[in-house]
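Structure first, commentary second.
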């Protein structure tokens, strides 16, 4: 599974350039916009799903400098791995197909 990053990112990480920091800020903002659009369109997420989505957002922001795709292996890295990784994400979204659909939207 690979998901294109069409976004922008917020939080300071050691050793980041101002360009990397700006990209992280933009990615975080894009995530919030994406989430708001989904909810305005009638899609709702439960608390477990929101937790996974926010962890994905943090993973994207933390790796903003080199990230062009969000691949499934990233679920095996902290903080996602510390919260059940890919198996947990798959479970809270009701399966791999639904998880991929959400992440690719």
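Values quoted throughout were computed directly from the atomic coordinates according to the rules given, and no laboratory measurement underlies them. These numbers were taken from a predicted model, which means no experiment stands behind them. Neighbour counts are summed over all protein chains in view; Cβ atoms, including those assigned to glycine, are modelled from backbone coordinates with ideal geometry.
Each residue in 25, 87 was given a count of other beta-carbon atoms within 10 angstrom of its own, and listing them fewest first yields 87, 25.
Run through all the Cα pairs of the range 8-104 and give the fraction in each 5 Å bin from 0, expressed as whole percent. Each 5 Å bin holds this share of Cα pairs: 3, 13, 23, 24, 20, 11, 5, 1. For the peptides 56-62, 39-45, the ranking by mean Cβ contacts within 10 Å, running from highest to lowest, is 56-62, 39-45. Each of residue 69 and residue 26 was given a label point 7 Å from its Cα along the Cα-to-Cβ line. The distance between the two points is 2.1 nm.
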